[in-house]
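See below for the structure under consideration.
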Amino acid sequence: MKDNKNITAYTEKGKVFFDSNILVYSVDESNPKKREIAGELLAKAANAKTGVISTQSLQEFFNVAVKKLNLSKQAAKEYVELFSKQFPVTKVSVPLIMDAIDISIKNDLSFWDSLIISAATDTGCVLVYSEDMNSGQIISGAKILNPFAETAA
């Protein structure tokens with residue numbers, strides 16, 4: 001894969017934040033390419049101890065895993081437990097919410113995307129892996145990267 005070297009470089013050189021869609025794709029049986037990419041990213045970040053997630057990422061993962069992937073609630077819970085053991089989990093707080101609002105206003109982003117950026121920058125992440133934001137854009141010092149850009153249908 002063309003981006004493989006970049007993925008390794010990012011996950012080994014600085015803290016990286018994972019949006020919920022990366023967690024979702026890592027267990028999505030219906031999309032093997034995205035599952036492989038997401039799984040590789042998560043594994044490398046876990047091994048390098050550079051990955052970070054938030055309570056928002058876990059909540060969104062659980063919701064999507066149950067409603068769209070049709071996982072049982074118990075299976076989705078077990079994945080939430082696994083992710084929360086693999087990576088530090090940033091708790092959404094009032095200061096993060098206020099920062100997210102400012103990011104949303106300044107960058108014309110949705111509140112939820114801004115909350116991901118806020119949690120990422122608060123924990124010192126240099127990169128945010130997300131399928132939902134503009135890949136390559138730098139917001140509040142964190143670069144957004146869509147690892148699926150070449151595989152998107």
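Among the candidates Ala142, Ala119, the residue that is touching a residue at least 40 places away in the same chain (Cβ under 8 Å), touching a strand residue (DSSP E or B) at 6+ places or on another chain (Cβ under 8 Å), crowded, with 16+ Cβ neighbours inside 10 Å and closer than 17 Å to Gln59 by Cβ is uniquely Ala119.
Just one of (1) in contact (Cβ under 8 Å) with a residue 12 or more places away in the chain; (2) of a type outside the set (Asp, Glu); (3) touching a helix residue (DSSP H, G or I) at 6+ places or on another chain (Cβ under 6 Å) fails for Val66. It is (1). Taken over the stretch 31-54, the criterion of being among the polar types (S, T, N, Q) and open to solvent by 40 Å² or more (accessible area, probe 1.4 Å) is satisfied by Asn31, Asn47. If you go through the stretch 15-30 and keep only what is crowded, with 17+ Cβ neighbours inside 10 Å and either part of a helix (DSSP H, G or I) or among the charged types (D, E, K, R) (or both), you end up with Lys15, Asp19, Ser20, Asn21, Ile22, Leu23, Val24, Tyr25, Asp28. Taking Glu131 as the residue in question, decide whether it is modelled with pLDDT under 95, open to solvent by 30 Å² or more (accessible area, probe 1.4 Å) and within 12 Å of the chain's Cα centre (by Cα). Yes: the conditions hold for Glu131. I'd like to know if the stretch 40-49 contains one or more residues that are of a type outside the set (S, T, N, Q), within 13 Å of Ser130 (Cα to Cα) and in a helix (DSSP H, G or I). Yes, the stretch 40-49 has at least one match. From the list Gly14, Gly51, the one residue that fits, being modelled with pLDDT under 95, within 15 Å of Thr123 (Cβ to Cβ) and touching a strand residue (DSSP E or B) at 6+ places or on another chain (Cβ under 9 Å), is Gly14.
The values are calculated or read from the model by the stated rules, or taken from the named source; none is laboratory data. Small disclaimer: the values here were computed from a predicted structure and weren't measured. Using ideal geometry, Cβ is built from the backbone for each residue, glycine included, and neighbour counts are taken over all protein chains shown. Heads up: the accessible areas ignore ligands, DNA and RNA and are worked out on the full protein's heavy atoms, side chains in. Shrake-Rupley method; radii C 1.70, N 1.55, O 1.52, S 1.80 Å.
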